[in-house]
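Below is one structure; the comments refer to it alone.
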Amino acid sequence: MLVSAKEMLTKAKAGKYAVGQFNINNLEWTKSILLTAEELKSPVILGVSEGAGKYMCGYKTVVGMVNGMLEELGITVPVALHLDHGSYEGAKACIEAGFSSIMFDGSHYPIEENVAKTKELVAVCNEKGMSIEAEVGSIGGEEDGVVGAGECADPEECKMIADLGVTMLAAGIGNIHGKYPENWAGLSFETLDAVQQLTGDMPLVLHGGTGIPEDMIKKAISLGVSKINVNTECQLSFADATRKYIEAGKDLEGKGFDPRKLLAPGADAIKATVKEKMELFGSVGKA
Ligand code: 13P
């Protein structure tokens, strides 16, 4: 059964580790992530962007697929199904469809409007026992066609949003989605520290987990980050393993063109990436 992310993140914040949010794109992605979480006895959050939701034929299809897998694969670790960077309308659609967690990304609205809309969604999520993530300060890079520059959040605004009763808070600290450019300035630990000072026990979320050096990940966790989002890195591992399979001509040998064979190296590569991240984040054995 899907669970809210509240309990797993409260425990992570208290235990000084982070739970990974891994974005899903299809059945292979979902299966690889769930099997790895179960094997490592780690809690996990499956992230679904609005674009990926559309690609997978809508939120109801996603809920059906994930619930089916939890049962058929005998998954016992806590799993949250979470809308990633949701619009107000997307958040409502996921609440309706049976997600257990949503992110409402109102970071592009003026702060008053972000507050008003977040407040309304907090009330709905509380009533349904769902977790809700809010964002202050836009995360840079490109996601679903939206490009941002990697702002640093205003800690006072973070406090304002945290006080609305959200479950977890994403604060921009110079992080960006996708690969980091050569001249990236790194995470702003000064901002993170200031945000944590004002928001106390609130689990903080680090987006753009792909390509952040290990020492920065560890420092971010020590400063209150308890959820880390990873998307691009699984895509890169999948693409790399699939390319190698094709380049080696394996699809031309025997029944190597069978999708169950063709997609297997990519699926295994996702498992390896997820394992590596769970070990780095410290969530292994915490289910
Ligand atoms: P990356 O694609 O950079 O790993 O970021 C993922 C993310 O933050 C999803 O919200």
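Any read-out appearing in this document is the output of simple, stated calculations on the displayed coordinates, not a laboratory observation. Owing to the predicted nature of the structure, the values given are computational and were not obtained by experimental measurement. Note: ideal-geometry Cβ built from the backbone for every residue, glycine included; neighbour counts use all protein chains shown.
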In straight Cα distance, which lysines are under 21 Å from Lys255, not counting same-chain residues fewer than 8 positions off?
-> Lys244
In the structure shown, do any of Lys227/Lys261; Lys6/Lys128; Lys128/Lys275; Lys54/Lys250 have a Cα-Cα gap over 23 Å, and if so which?
-> Lys227/Lys261; Lys128/Lys275; Lys54/Lys250
Between Glu182 and Ile246, what length comes free when the chain is fully extended (0.36 nm per residue of separation minus the Cα-Cα distance, one decimal in nm)?
-> 20.0 nm
Do the sum for the chain: with -39,500 (n - 2.57) for every DSSP H run of n ≥ 4, divided by all residues, what is the mean residue ellipticity at 222 nm, to the nearest 500 deg cm²/dmol?
-> -14500 deg cm²/dmol
Only loop residues by DSSP count here, and only those with at most 12 other Cβ atoms within 10 Å; note down the GluC sites (Glu not before Pro) in the range 88-190 that meet that.
-> Glu182
Antiparallel DSSP beta bridges within the chain, as percent of all bridges there, nearest 5 = 10
Rounded to two decimals, the Debye log10 I(q)/I(0) of the range 148-248 (Cα scatterers, no solvent) at q = 0.10, 0.12, 0.25 Å⁻¹ is -0.32, -0.44, -1.34
Taking a ≥ b ≥ c as the square roots of the Cα gyration tensor eigenvalues, with a/c under 1.5 meaning rounded and otherwise prolate when a/b beats b/c or oblate if not, the chain comes out prolate
Electrostatic dipole magnitude of the range 155-273 [Cβ: Lys, Arg +1; Asp, Glu -1; Cα centre; debye, to 20] | 540
Neighbouring Cβ atoms within 10 Å as the yardstick, rank Val205, Val77 fewest first.
-> Val77, Val205
In debye to the nearest 20, the charge dipole size for the chain, taken about the Cα centre with +1 at each Lys and Arg Cβ and -1 at each Asp and Glu Cβ, equals 940
So, by mean Cβ neighbours within 10 angstrom, what's the order for 260-266, 274-280 with the highest one leading?
-> 274-280, 260-266
Debye, to nearest 20: dipole size of the range 1-133, +1 on Lys, Arg Cβ, -1 on Asp, Glu Cβ | 300
